Amino acid sequence: MAARATNRIGGVARAARLGGALLDLALPASCAGCAAEGTVLCPRCRRALEVRLALPPGVPLGLPAAMPVPLAQLEWCAPFSGVIRVALHRLKYSGERRLAAPLADAMAARWEAAGVGGEMLVPVPVHAERARRRGYDQAFLLASAASDRLHVPWQASLERTRHTTPQFELGRHARRTNVSGAFALRAGTGPAVKGRWPILIDDVVTTGSTLVACAEALFDAGAIAVSALTVARER
Ligand SMILES: [Zn+2]
């Protein structure tokens, strides 16, 4: 047992030298909720993603009234807490890309149950430099996996045009100012958006300011409506 633990630590060090992009290939999987081995999220802990599955669509958003709401619909799977919080943290900061599949499965299930309209999935991007450092953009992974499950195409239509302060460090008003105008359409993606109804894909929604900023860029490009689907909702 001791030898095995030592090997694992050695493996972590080797993986760190290889870079975060390869980390998930080098490490054995363990459940983000209960640490069970052999899976990034065990069947029992996945149930945390199903708490809203049976709720009807159009459940009151509970967002602050001051927030402009150009979104046609906003759906999410579960509150941002417990196992979901750990799983999203691992997906974003620990290189555990394998979590994208079960999280996207839950998003797709919620959308199948409650989604109205929507013709394409559009991930909310991190800044390109951050994605390069991380080796991937977690919203792209979620959009790609949800696309497979929903049989709805996805396109990386948006780019983050400037660095923004992480939203969790800011108050509600500052969040809106922080991300306003921070997104633009990527070159050449306009025709796919014009006259269409995109569904924004992100990991967490808090005030919705980031989704609103993205929706505005899509409306500028001629989108007829914009909905959004996230893994979690933070209050
Ligand atoms: Zn578990």
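The values are calculated or read from the model by the stated rules, or taken from the named source; none is laboratory data. Keep in mind it's a predicted model, so treat the numbers as computed, not measured. Glycine also receives a Cβ, built like all others from the backbone with ideal geometry; neighbour counts cover every protein chain displayed. Heads up: the accessible areas ignore ligands, DNA and RNA and are worked out on the full protein's heavy atoms, side chains in. Shrake-Rupley method; radii C 1.70, N 1.55, O 1.52, S 1.80 Å.
Of all residue pairs spaced 6 or more apart or on separate chains, those with beta-carbon atoms under 6 Å, a first member in the stretch 33-50 that is near the ligand (Cβ under 6 Å from one of its atoms) and part of a loop (DSSP other than H, G, I, E, B) and a second member that is among the β-branched types (Val, Ile, Thr) and at pLDDT 95 or above are GLY33/VAL83. Evaluated against (1) open to solvent by 10 Å² or more (accessible area, probe 1.4 Å); (2) under 18 Å from MET107 (Cα atoms); (3) of a type in the set (S, T, N, Q), THR230 falls short on exactly one condition, (1).
Scoring GLY117 on the criteria (1) in contact with a strand residue (DSSP E or B) (Cβ under 9 Å, 6 or more places away or on another chain); (2) modelled with pLDDT of 95 or more; (3) not acidic (Asp, Glu) leaves a single failure, condition (2).
The set of residues in the stretch 186-203 that are among the hydrophobic types (A, V, I, L, M, F, W, C) and touching a Ser or Thr at 6+ places or on another chain (Cβ under 6 Å) comprises VAL193, ILE199.
Taking the criterion of being open to solvent by less than 40 Å² (accessible area, probe 1.4 Å) and either without any contact (Cβ under 8 Å) to a residue 40 or more places away in the chain or over 20 Å from GLN138 (Cα atoms) (or both), the residues of the stretch 180-194 that qualify are ALA182, ALA184, THR189, GLY190, ALA192, VAL193. The listed residues are LEU229, LEU218, LEU185, LEU200, and the only one of them that is more than 23 Å from ALA145 (Cβ to Cβ) and modelled with pLDDT of 95 or more turns out to be LEU185.
Which residue is farthest from LEU121 (Cα to Cα), if the candidates are limited to the stretch 62-76 and must be modelled with pLDDT of 70 or more and open to solvent by 20 Å² or more (accessible area, probe 1.4 Å)? My answer is VAL69. Please list, ordered by first then second residue, the pairs with beta carbon atoms under 6 Å, 6 or more apart or interchain, first in the stretch 158-179 and touching a residue at least 60 places away in the same chain (Cβ under 8 Å), second open to solvent by 90 Å² or more (accessible area, probe 1.4 Å). No pair meets every condition.
Being open to solvent by less than 30 Å² (accessible area, probe 1.4 Å) and at pLDDT 95 or above is not true of LEU141.
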